[in-house]
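The values are calculated or read from the model by the stated rules, or taken from the named source; none is laboratory data. From a predicted model like this one, the values you see are computed outputs, not experimental measurements. Cβ: placed from backbone, ideal geometry, glycine included. Neighbour counts: every protein chain shown.
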Amino acid sequence: MTSSVADSGRQPLYFVHPLVDLLMMGGLSIFLLGAFVLFDFQQAALRLTFALSIVCNYPHFAATSQRLYGSAEARAQYPYTTYGAPLLVLGGVAAALLSPGFVAPAFVKMFLIWSPFHFSAQTIGLTVLYGRRAGISLDGWPRRLLTLWVFGSFIAAQALGESVLGPQTFYGVQYPMLGIPLWVGNYCLVAMYAAMGGFLAWGLWWSISERRILPWILLVPAVAQLCWFVLGARTPGFRELVPMFHSLQYILVAFVMQLKLRSELAVHESGRHFSAGREALKWFGLAVLLGYFLFEATPIIFSAWTGIEYGLALAVFIAAVQIHHFFVDGVIWKLRDPRVRSPLLADLGGIVRSSARAPAIAPAPVSAVGG
Amino acid sequence: MSRPSLAPSSLWRVALACLLGLLARPVLAAEVVAPTASPAAADVARPAAVEAVVYAVFDTTVGPIAVELLPEVAPKTVAQIRRLIELGVYDGVGIFRIHRGFVAQLHDAGSRPMPLSPEQLAAIQPIPAELTDVPHRRGVLSMAHRDDPDSAETSFSFLLGNAPHLDGKFTIFGRVLGSEPTLRAIESAAGPDPMQPLKSISVEHARIVDRATAMETANTPLTFPAGVDPGAAGKQAPRWTLLALTSAVALLALVTSLAALRTGGRALISLALATFLCAFFVAFAVLLFDLELFGALRPWIATLLLAVSVLSFKVMGRFDSPGRRPGA
């Protein structure tokens with residue numbers, strides 16, 4: 001089974017613009033890794049991490065909550081996730097805080113294992129999404145090779161990282177390492193590079209048989225992930241920025257989806273004027289505030305209120321918010337669901353243009369009528 | 001950054017990974033048949049020049065531990081640890097991890113109750129790894145480090161049993177001399193959670209001493225009869241009952257959810273998956289802390305644990321799925 005042209009309608013390939021998409025989908029991280037290799041950016045990167053977390057990393061977690069809990073339609077579509085996910089996670093938080101020596105390390109450990117998996121799932125989702133936008137359906141062997149490449153980089157990095165035995169610390173929680181034999185990670189690395197070679201060979205074959213070059217943007221997320229987990233894994237300063245790169249991808253996609261859904265809603269609700277700029281500011285502002293509240297304010301307030309050690313509260317809440325994010329994301333971002341896929345095929349320019357073309361049918365202000 | 005500059009390095013990584021992978025297999029096999037008969041102390045290479053050995057005593061809250069630091073095995077580490085002991089860096093440092101039959105590990109000096117002085121702080125520097133073929137046996141002193149092998153600073157472990165899986169990964173820099181009553185007292189404070197010892201034990205004072213003082217403190221020699229694994233006596237068994245129970249519940253819930261995915265029923269799928277995740281999490285936590293108790297099977301169990309943890313994430317995506325109704 002090979003790829004075939006999937007969608008009859010021609011979709012815009014980029015969400016915003018080739019350069020913006022390139023940078024946000026992982027190009028920035030690829031360029032930065034080069035810069036990190038050539039220059040000593042470690043201190044500058046570490047200084048920037050907190051600020052970037054506030055405007056980039058935290059909001060991307062908040063965006064998930066906004067998408068699920070902020071829309072009645074989404075709540076109706078995923079009722080068990082809406083009410084079940086918070087219950088499960090809060091149960092984990094309570095158990096971790098009550099058992100800081102046993103449950104808390106396992107809770108943190110689980111989050112640390114799942115986190116790069118979540119990155120990988122997003123990388124594959126983005127590649128498939130760009131494939132659809134380009135009219136290329138990644139099924140069969142290309143999909144398997146892509147999956148092995150992307151997941152291979154995560155599993156290899158994870159297995160190599162878990163080859164040590166000394167306990168590690170995540171804020172106030174010490175957790176044990178698995179002590180996986182080194183050869184497991186090395187074999188995963190070999191499998192990953194073999195799959196990468198296979199996928200690139202398929203890309204070449206596709207380009208020749210289709211007489212057009214495979215859009216380069218299809219390779220950007222997977223190459224970026226290779227930089228995050230393998231090529232740049234031991235580059236000081238760079239690896240601390242990896243969550244920001246992942247968040248950038250997420251924010252762009254979630255932002256376009258939000259605008260598309262809101263613009264459609266405005267069209268349906270006659271009498272409402274839609275302003276893309278205002279909507280963007282509202283969405284992003286709320287995401288920043290909610291993100292800050294979840295990651296910074298909650299542990300402080302909780303620790304002060306209960307007397308539980310701040311480091312423990314911080315570690316458990318960070319793990320909890322992220323596990324919730326992984327959980328919810330795994331449910332709500334399914335490209336096979338047309339309600340998800342359709343808005344994700346939109347582009348920012350199209351949304352803005354359509355909103356500008358929409359007739360201003362909002363009732364005129366009373367003063368204007370009177371004047 | 002130009003891609004071609006990375007590509008050759010990637011090829012080298014592949015070749016190196018193949019080679020390392022092939023080399024690592026016999027090492028793993030060797031772990032399974034690692035001899036346990038020889039006394040621990042005999043496995044630590046004796047330094048040729050006895051004068052070079054540094055002796056120290058760690059006066060803990062449960063008794064003294066006499067040690068000899070081996071500069072010929074790890075010169076940089078010994079020089080640094082000696083300096084830290086002389087500066088009083090270890091005074092007040094607690095033992096935060098006691099794993100019966102495995103290790104008793106000292107916390108980082110920065111965690112001790114009384115703050116470090118500027119001189120002490122300045123003395124704490126990362127120590128480059130000095131990896132040798134000296135095996136990790138009961139009584140050995142082994143430096144702890146983070147991801148980076150060159151990141152060891154102050155935390156180290158007293159080995160309470162044989163740990164061949166640590167060989168070549170952590171710097172061994174000394175060994176305990178006798179002090180068996182103290183080691184046993186430390187080991188007896190191990191609880192079900194190694195990170196939560198039943199009793200708070202710390203180093204009251206650490207000092208560099210001469211050989212005579214060290215030998216006097218050591219009082220009873222650390223020797224074991226041939227054929228006896230000194231770590232085995234106090235070894236616990238994994239929590240089999242809890243493991244079996246949680247694994248059975250997780251498996252049953254998983255099978256139920258898979259069946260529900262075929263027949264439909266969003267509520268049943270979600271409930272079964274939630275049960276699976278809860279049961280799996282308990283089994284995961286138990287295994288995480290009992291890994292050391294699986295002996296030679298440890299690396300395999302650890303690999304399996306990682307694989308199942310990854311697969312469990314995949315399962316989460318099916319939560320709230322409407323399933324596929326028959327005929328649909």
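Scanning segment B:104-121 for residues that are over 15 Å from residue B:196 (Cβ atoms) and of a type in the set (A, V, I, L, M, F, W, C) gives B:106, B:109, B:114, B:116, B:121.
Kindly check whether there is at least one residue in segment A:154-163 that is assigned to a loop (DSSP other than H, G, I, E, B) and either aromatic (Phe, Trp, Tyr) or within 21 Å of residue B:165 (Cβ to Cβ) (or both). Within segment A:154-163 (the criterion being assigned to a loop (DSSP other than H, G, I, E, B) and either aromatic (Phe, Trp, Tyr) or within 21 Å of residue B:165 (Cβ to Cβ) (or both)), the answer is yes, since at least one residue qualifies. The residue list B:198, B:121, B:141 contains one member that is modelled with pLDDT of 85 or more and out of contact with any Lys or Arg (no Cβ under 9 Å at 6 or more places or on another chain), which is B:121. Scanning segment A:98-107 for residues that are modelled with pLDDT under 95 and not small (Gly, Ala, Ser) gives A:98, A:100, A:102, A:103, A:105.
Per-residue answers, yes or no, for (1) without any contact (Cβ under 8 Å) to a residue 40 or more places away in the chain; (2) over 25 Å from residue A:169 (Cβ atoms); (3) among the basic types (Lys, Arg):
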site: B:52; (1), (2), (3): yes, yes, no
site: B:63; (1), (2), (3): no, yes, no
site: B:77; (1), (2), (3): no, no, no
site: B:85; (1), (2), (3): no, no, no
site: B:91; (1), (2), (3): no, no, no
site: B:98; (1), (2), (3): no, no, no
site: B:102; (1), (2), (3): no, no, no
site: B:123; (1), (2), (3): no, no, no
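Of all residue pairs spaced 6 or more apart or on separate chains, those with beta-carbon atoms under 6 Å, a first member in segment A:96-117 that is in contact (Cβ under 8 Å) with a residue 40 or more places away in the chain and facing another protein chain (nearest Cβ under 8 Å) and a second member that is outside any helix (DSSP H, G or I) and of a type in the set (Phe, Trp, Tyr) are A:105/A:175; A:109/A:175. Every residue in segment B:141-151 that is touching a helix residue (DSSP H, G or I) at 6+ places or on another chain (Cβ under 7 Å) and either in contact (Cβ under 8 Å) with a residue 40 or more places away in the chain or not hydroxyl-bearing (Ser, Thr, Tyr) (or both), please. B:143, B:145, B:147, listed by residue number.
Note on segment B:258-308: among residues that are hydroxyl-bearing (Ser, Thr, Tyr) and modelled with pLDDT of 90 or more, the one that is farthest from residue A:182 (Cα to Cα) is B:270. Taken together, A:2, A:64 contain a single residue that is away from every other protein chain (no Cβ under 12 Å), surrounded by 13 or more Cβ atoms within 10 Å (Cβ to Cβ), touching a His at 6+ places or on another chain (Cβ under 8 Å) and at pLDDT below 90, which is A:64.
Only a single criterion out of (1) at pLDDT 95 or above; (2) of a type outside the set (S, T, N, Q); (3) over 24 Å from residue A:243 (Cα atoms) is not satisfied by residue A:211, namely (1).
Yes or no, residue by residue, for (1) over 15 Å from residue A:158 (Cβ atoms); (2) within 14 Å of another protein chain (Cβ to nearest Cβ); (3) among the aliphatic types (A, V, I, L, M):
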site	(1), (2), (3)
A:192	no, yes, yes
A:197	yes, yes, no
A:202	yes, no, no
A:205	yes, no, no
A:210	yes, no, no
A:216	yes, yes, no
A:219	yes, yes, yes
A:224	yes, yes, yes
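I'd like to verify a number: residues in segment B:136-179 that are among the aliphatic types (A, V, I, L, M), farther than 20 Å from residue B:107 by Cβ and within 10 Å of another protein chain (Cβ to nearest Cβ), how many? Counting residues in segment B:136-179 that are among the aliphatic types (A, V, I, L, M), farther than 20 Å from residue B:107 by Cβ and within 10 Å of another protein chain (Cβ to nearest Cβ) gives 0. Going through (1) in contact (Cβ under 8 Å) with a residue 60 or more places away in the chain; (2) crowded, with 21+ Cβ neighbours inside 10 Å one by one, residue A:299 falls short only on (1). Taken together, the residues in segment A:217-254 that are part of a helix (DSSP H, G or I) and without any contact (Cβ under 8 Å) to a residue 60 or more places away in the chain amount to 1. Is there a residue in segment A:177-196 that is modelled with pLDDT of 85 or more, in a helix (DSSP H, G or I), hydrophobic (A, V, I, L, M, F, W, C) and under 19 Å from residue A:345 (Cα atoms)? No, there is no match, as no residue in segment A:177-196 is modelled with pLDDT of 85 or more, in a helix (DSSP H, G or I), hydrophobic (A, V, I, L, M, F, W, C) and under 19 Å from residue A:345 (Cα atoms). Considering only residues that are under 16 Å from residue B:174 (Cβ atoms), in a loop (DSSP other than H, G, I, E, B) and of a type outside the set (D, E, K, R), which ones fall in segment B:108-144? Result: B:129, B:131, B:132, B:134, B:135, B:136, B:139, B:144. For segment A:278-291, indicate whether the set of residues that are in contact with a Ser or Thr (Cβ under 8 Å, 6 or more places away or on another chain), in a loop (DSSP other than H, G, I, E, B), under 28 Å from residue A:115 (Cα atoms) and modelled with pLDDT of 80 or more is non-empty. Looking through segment A:278-291, none of the residues is in contact with a Ser or Thr (Cβ under 8 Å, 6 or more places away or on another chain), in a loop (DSSP other than H, G, I, E, B), under 28 Å from residue A:115 (Cα atoms) and modelled with pLDDT of 80 or more.
Yes or no, residue by residue, for (1) within 9 Å of chain A (Cβ to nearest Cβ); (2) surrounded by fewer than 18 Cβ atoms within 10 Å (Cβ to Cβ); (3) under 26 Å from residue A:82 (Cα atoms); (4) among the hydrophobic types (A, V, I, L, M, F, W, C):
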{"residue": "B:260", "(1), (2), (3), (4)": "no, no, yes, yes"}
{"residue": "B:300", "(1), (2), (3), (4)": "yes, yes, no, yes"}
{"residue": "B:311", "(1), (2), (3), (4)": "no, yes, yes, yes"}
{"residue": "B:314", "(1), (2), (3), (4)": "yes, yes, yes, no"}
